[in-house]
Amino acid sequence: MKPTSWWLPVVTFLFTFTSCSDTNKEIKTLKQSDFPVPPVAEVIPDTFIRFGQTRIDNYFWLKDKHNPKVIDYLNAENAYTDTVMASTKALQETLYKEIVGRIREDDESYPSYHDGYYYYSRTEKGKQYRTYCRRKGSMEAAEEILFDLNAMAEGKPAFIFGGYSVSPDNGKVAYLFNETGSYAEYVMKIKDLQSDEEIGFTVTGAASVAWANDNKTLFYSTIDPTLRSNRIYRQALHERQGTLLYEETDARFSTYVSGSKTKEYLFISSVSSTTSEERFISADRPLDRFTLFLPRMQDVEYSVYPHKDHFFVRYKDKVKLNGMIYEVPRTGFENRSVWKEMIPHRSDARIEGIDVLKDHLLVERRINGLSEITVTPLAGGETTTITFPEPVYTASLSGNPEYDATTFRYTYTSLNRPTTLYEYHIATGKTVKLKEQEIPSGFNPDHYVVERLWTNAPDGVKVPMAIVYRKGLKRDGSNPALLYSYGSYGHSSDVFFSAGFYSLIDRGFVFGIAQIRGGSDLGEQWYEEGKLLKKKNSFTDFIACSEKLIADGYTSSDRLAAMGGSAGGLLMGAVANMRPDLYQTIVAQVPFVDVITTMLDDTLPLTTGEYEEWGNPNEEEYFNYMLSYSPYDNVEAKEYPNILVTGGLNDSQVLFHEPAKWTAKLRALKTDDNILLLHMNMDSGHGGATGRYDGIHDTAFEFAFILNRVGINQ
């Protein structure tokens with residue numbers, strides 16, 4: 001759950017050719033009865049009554065990870081999973097080697113110039129984590145290593161690097177990290193880049209950081225017990241304690257601090273799922289009081305982007321759902337009558353992002369589910385639009401950290417096009433390819449077919465999806481298929497080149513991404529139609545896409561797999577309950593499935609801030625609606641597909657007990673002989689294993705489960 005919990009498989013998948021000759025070979029499909037009796041969780045009924053309804057939760061006790069009985073149960077589930085998957089060890093190893101073989105293990109990001117330095121990162125063969133570096137003045141200069149994550153992570157079961165911020169004088173750096181695998185709990189430290197020694201102070205529970213221009217004062221935010229970033233502090237390097245500047249008391253909101261590209265301002269942003277407000281001060285005057293830009297108004301979101309001459313404001317409300325951009329004077333901005341409409345609202349085009357340069361405004365928009373980038377000269381003149389010819393793709397601004405820049409970067413990818421970084425020269429209109437995702441074994445996009453399909457949801461709305469498969473595929477219903485989606489928080493299910501899936505595709509799979517409501521794939525209204533009391537549209541859209549694949553002969557229900565993670569795991573749980581007959585296999589990654597229990601407990605991380613996404617279950621209408629689809633609450637005594645459930649003991653977004661409880665209840669009630677597995681990572685959190693090679697092992701494990709279920713074991 002929560003906006004930042006959006007999750008795709010953490011591996012960058014690459015490509016290799018694999019024989020398809022055994023795709024339809026008849027192999028005995030293993031059943032649950034072929035293995036020892038699976039673990040059975042103890043039933044300890046917990047009862048509560050809400051709005052006159054009695055709800056009994058037999059597995060509520062599984063939420064306490066400090067209870068030895070809980071750990072024993074999780075270990076038993078993992079042991080059972082290992083037993084069932086033992087026969088796929090060779091396949092897992094094959095998949096692992098394929099994926100590693102497609103990766104350029106020794107790789108380097110394209111450098112980015114900022115304040116006199118070229119910044120980049122690199123990976124090295126055999127090492128789990130990146131190394132972050134810079135060179136002064138040119139790429140021929142001596143390399144400075146900022147952070148060797150491999151050294152920092154040595155001996156630790158999990159490690160996540162949360163990013164860094166270099167001081168304006170380039171001499172110091174503040175950085176965030178954790179050793180729990182949680183994406184919400186970071187330690188912030190500061191080091192001197194000349195001596196490479198820690199200086200200043202340490203903050204536990206930091207969430208954001210920004211430097212003042214004096215190079216000695218930092219602003220940072222910290223989290224509360226529910227992991228909400230709720231306080232902003234100012235602290236000089238020599239001070240032992242920070243000064244509290246702002247506290248966000250509305251539990252729906254989180255607050256963060258940031259600096260501006262112009263280096264003139266520091267901002268405090270307070271945001272909920274639907275509403276925002278900003279405060280700012282001069283970065284040269286860190287002791288000043290922050291000025292409120294525009295008071296928060298429910299369902300109004302805005303962001304302020306400074307230019308040397310004025311502000312640009314990206315603005316949306318309930319009428320202008322897709323957003324618009326205003327030009328606003330730097331003084332007297334409180335008077336809305338002086339705001340100048342720069343980019344008008346369009347009902348058919350959602351503003352995805354903007355970037356402000358000295359002489360140009362860059363805008364990324366989504367039209368009919370596809371991206372375009374526009375370049376508008378601020379001195380007047382024609383707007384240039386960068387469009388893309390393919391029927392399905394994803395393009396996004398990759399920015400330029402220099403305010404005076406006359407170029408900008410963007411990335412481009414599609415289901416059969418490796419991710420590529422381009423640089424656009426504004427004056428000439430020339431585009432230069434900077435770096436393309438390298439596929440060492442070779443990749444030919446012409447060997448594959450990419451299609452954009454549309455299907456009708458039960459309410460008549462047309463829903464898009466994108467699919468890719470190997471040329472020559474026969475649409476006779478015999479092909480295995482995997483359909484993926486997310487469908488929450490307005491995060492679009494963009495197509496992407498993730499060629500590990502080609503281990504499935506080259507074994508005969510059709511791979512698809514469903515762009516269901518709940519995301520913003522077709523504009524902000526698409527999101528509005530898949531949240532709160534319309535959440536079930538996400539589920540029925542996904543089911544409609546699945547039925548389309550079957551009706552058009554791409555696959556059949558006994559060959560169709562589905563996959564989703566986090567809120568996409570909620571999607572998996574819901575469709576498993578609603579249409580278990582439609583799927584042969586379901587992979588639910590860190591799934592948000594215990595909706596009612598979680599949303600009623602405001603002591604849990606992020607719960608209250610989620611009311612604007614799912615609804616407040618303390619209100620009867622929302623309680624009843626959420627109860628009607630909550631996967632855990634709607635498990636029944638019936639047949640279910642083969643199901644693989646994953647979780648992380650240190651998960652702060654979807655706590656481990658949700659997948660654990662769901663698995664226990666499914667075991668107790670399901671009437672089929674299909675395989676049900678829980679794979680709980682006992683060392684990490686929401687994203688699974690934190691090292692890249694460990695992540696590939698996780699992916700190989702999941703793919704082996706899917707392949708084995710349709711009888712493909714090599």
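Computed from the coordinates by the stated procedures, all read-outs in this text should not be read as laboratory data. Quick caveat: nothing in here was measured; it's all calculated off a predicted structure. Cβ coordinates were reconstructed from backbone atoms using ideal geometry, including for glycine residues, and neighbour counts include every protein chain displayed.
Could you work out how much longer the chain between Glu639 and Arg475 gets when fully extended? Use 0.36 nm per residue separation minus the Cα distance between them, nm to one decimal.
56.3 nm
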Percent RCO, i.e. relative contact order, over region 55-151, from Cα pairs under 8 Å lying at least 6 residues apart:
14
Can you tell which of Pro445, Thr699, Ala210 lies farthest toward the positive end of the dipole of the chain, using +1 and -1 charges on the Cβ of basic and acidic side chains (Lys, Arg; Asp, Glu)?
Pro445
Burial ordering of Leu149, Leu560, fewest other beta-carbon atoms within 10 Å first
Leu149, Leu560
Amide N of region 67-99 lying under 12 Å from the label point, which is placed 7 angstrom from the Cα of Gln714 along Cα→Cβ
91
First select every other residue whose beta carbon is under 12 angstrom from the beta carbon of Glu436; then total the charges, Lys and Arg +1, Asp and Glu -1.
+2
7 Å from Cα along Cα→Cβ at both Arg336 and Glu382: what's the point-to-point distance in nm?
3.6
Quick one: of Lys65/Lys670; Lys261/Lys318; Lys156/Lys661; Lys462/Lys535, which pairs are farther than 20 Å apart, Cα to Cα?
Lys65/Lys670; Lys261/Lys318; Lys156/Lys661
Among Cys133, Cys545, rank each residue by its count of other Cβ atoms within 10 Å, from fewest to most, as a rough exposure measure.
Cys133, Cys545
Gained length - Ile145 relative to Glu108, 0.36 nm times residue gap less alpha-carbon distance
12.0 nm
Can you give me the P(r) profile for region 634-677? Cα pairs, bins 5 angstrom wide beginning at 0, each as a whole percent.
5, 23, 30, 20, 12, 8, 2
Among Glu98, Glu239, what is the fewest-to-most ranking by other Cβ atoms within 10 Å?
Glu239, Glu98
Along each principal axis of its Cα atoms, how long is region 214-307 end to end? Whole angstroms, biggest number first, please.
40, 37, 19
Write down the radius of gyration of the chain and its Dmax, each obtained from C-alpha positions, in Å.
25.5, 74
If I take R0 = 41 Å and measure r between the Cβ atoms of Thr243 and Asp601 in this structure, what FRET efficiency does the formula 1/(1 + (r/R0)^6) give, to the nearest 0.05?
0.80
Could you compute how fast region 301-358 diffuses translationally, taking Rh as the Kirkwood radius over C-alpha pairs and applying Stokes-Einstein at 20 °C with viscosity 1.002 mPa s? Give it in µm² per second.
182
Length-normalised contact order of the chain in % [C-alpha pairs under 8 Å, at least 6 apart]:
14
Relative to the longest principal axis of the C-alpha atoms of the chain, give the angle of the C-alpha long axis of helix 567-578, reported between 0 and 90° and rounded to the nearest 10°.
30
Could you bin all the Cα-Cα distances of region 485-557 into 5 Å bins starting at 0 and give me the percent of pairs in each, rounded to whole numbers?
4, 17, 21, 19, 18, 13, 6, 1, 0
Using a Förster distance of 60 angstrom, determine the FRET efficiency expected from the C-beta separation of Ile71 and Arg289, and round it to 0.05.
0.75
Any chance you could get the radius of gyration and Dmax over the Cα atoms of region 648-706, in Å?
13.0, 38
